[in-house]
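No lab work stands behind these numbers, since they all come straight from the coordinates. Predicted model only: the values in this text are computed from it and were never measured. Please note: Cβ atoms are built from the backbone with ideal geometry, for glycine as well, and neighbour counts cover all protein chains shown.
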Amino acid sequence: MSVVENIPHEPRAKRQRIEPNEPASSNTRCRHWFVRYGICTTCSSSVDKDQGQAFNYLLDGLQLSSEAVAVTKHLTTLVSCSNEKKLHLVLDLDHTLLHTTRLPCLTEAEKYLIQEAGSNTRDDDLHKWQAQGENPMVFLTKLRPFVRGFLEEANKLFTMYVYTKGNRDYAKFIMKLIDTKKIYFGERVITRDESPYMKTLDLVLAHERGLVIVDDTRDIWPDHKSNLVEISKYNYFRMNKSQQSQPYSELKTDESENNGGLANVLKLLKEVHCEFFRVQEEKELESKDVRLLLQR
Ligand SMILES: [Mg+2]
Ligand SMILES: [Zn+2]
């Protein structure tokens, strides 16, 4: 159903002008598919925010109607599968690709990391940084082992998004660490600023049948669990004082590169990709669905 058809204050006379048998003409009501800064790009009318979904993260001021979203999702996946042989992948940040903690939260046994973060002894996996703003806090971010290899490999098979509960400034900093040249994600980074509550594929412009989510938090995806691959949580720093086992940070060790969360998920992603594109004729791709493959 079109959002446009549900506008409450539409004058009756205007609605009656559009009869099913009436030939298409300039009278045909525009459905305001693509809106920029509140103005329809087709008919130049003002369009309310609640008549569509904002996609500011892709292009400032961009808003799409629900029909435009549906068609764009459908076409994007169709073209991506046919031309590039790529599916789509939505990646969480915290505890999936990395672990970030505030400096004051470090235990005595972890404080050696402050020195290491600024030295050459760490292989580009530990970073100390300061947030902007009135009350600038200092953080340590530890990248998960194999994250760079994972992104390089996954990028060959998937068009990738980041979807984080962190804010835009945090995401920007992390992107500088893991995607300096914007090769992997481009502008496809969704944050708490656009999505303050649960995570939803409504904000991702690719069809659910060709899209896999990798996240350590299952419950944050209420409507799209059949697209989800739940990855083991990456906890590098001590999570709280009552934590029973010693964290990697205190043990001065880390998750395995070859047999850790990201390596294992990559194996699964490769299998899903391989199975999706295992067809006799290209036409068959149109009825393939990753959700059925992930069920197995
Ligand atoms: Mg997470
Ligand atoms: Zn319009």
In degrees from 0 to 90, rounded to the nearest 10, what is the angle of the helix 147-157 Cα long axis to the longest principal axis of the chain? 30 degrees
If a/c stays under 1.5 just call it rounded; otherwise compare a/b with b/c (prolate if a/b is bigger, oblate if not). Do that for region 187-296, with a ≥ b ≥ c from the square roots of the Cα gyration tensor eigenvalues. oblate
Work through the residues other than Thr191 whose Cβ is under 10 Å from its Cβ and net out their charges, Lys, Arg +1 and Asp, Glu -1. +1
Sequence ranges 180-192, 210-222, ranked by mean other-Cβ count within 10 angstrom, highest first: 210-222, 180-192
Placing +1 on the Cβ of each Lys and Arg and -1 on the Cβ of each Asp and Glu in the chain, which of Met239, Ser46, Thr72 has its Cα farthest towards the positive end of the resulting dipole? Ser46
Rounded to 0.05, the calculated FRET efficiency for the beta carbons of His74 and Asp223 at R₀ = 22 Å is 0.75
Ignoring everything except DSSP H segments at least 4 long, calculate the 222 nm mean residue ellipticity for the chain; use -39,500 (n - 2.57) per segment, divide by total residues, nearest 500. -7000 deg cm²/dmol
Given a cut-off of under 8 Å on Cα pairs at least six residues apart, what relative contact order in percent is computed for region 113-206? 21 percent
Nearest-0.05 FRET efficiency for Arg102 and Asp202 at R0 = 41 Å, using Cβ-Cβ distance, is 0.80
Can you list the trypsin sites (Lys or Arg not before Pro) in region 74-141 that are in a DSSP coil and have 12 or fewer other beta carbons within 10 angstrom? Lys111
In Å, what Kirkwood hydrodynamic radius results for the chain from the alpha-carbon pair distances? 21.7 Å
Could you compute the net charge surrounding Ser80? Neighbours are other residues with a C-beta less than 14 Å from the C-beta of Ser80; K and R count +1, D and E count -1. +3
Could you give the semi-axes, largest first, of the ellipsoid that matches region 59-100, computed as the square roots of 5 times the alpha carbon gyration tensor eigenvalues and rounded to whole Å? 26, 19, 8
Give me the one-decimal nm value for the distance between modelled label points at Lys111 and Lys85, 7 Å along each residue's Cα-to-Cβ direction. 5.5 nm
Provide Rg and Dmax in Å for region 168-232, with only Cα atoms included in the calculation. 12.7, 33
With each pseudo-label sitting 7 Å past Cα toward Cβ, what's the Asn264-Lys49 distance in nm, one decimal? 4.2 nm
At 0.36 nm per residue, minus the direct Cα-Cα distance, what do Glu67 and Thr42 gain on full extension? Give it in nm, one decimal, please. 7.5 nm
Considering only Asn120, His95, Phe185, whose Cα is most displaced toward the positive end of the charge dipole of region 77-295, charges sitting on Cβ of Lys, Arg (+1) and Asp, Glu (-1)? Asn120
Label model pair Glu282, Arg148: point-to-point distance (7 angstrom along the Cα→beta-carbon line) in nm is 3.7 nm
Sparse-neighbourhood loop hits (GluC sites (Glu not before Pro), region 218-289; DSSP loop; Cβ within 10 Å at most 15 others) -> Glu257, Glu281
Excluding residues on the same chain fewer than 8 positions from Lys85, give the lysines whose Cα lies under 19 Å from its Cα. Lys73, Lys156, Lys267, Lys270, Lys283, Lys288
Given Cα pairs under 8 Å that are at least 6 residues apart, what percent is the relative contact order of the chain? 18 percent
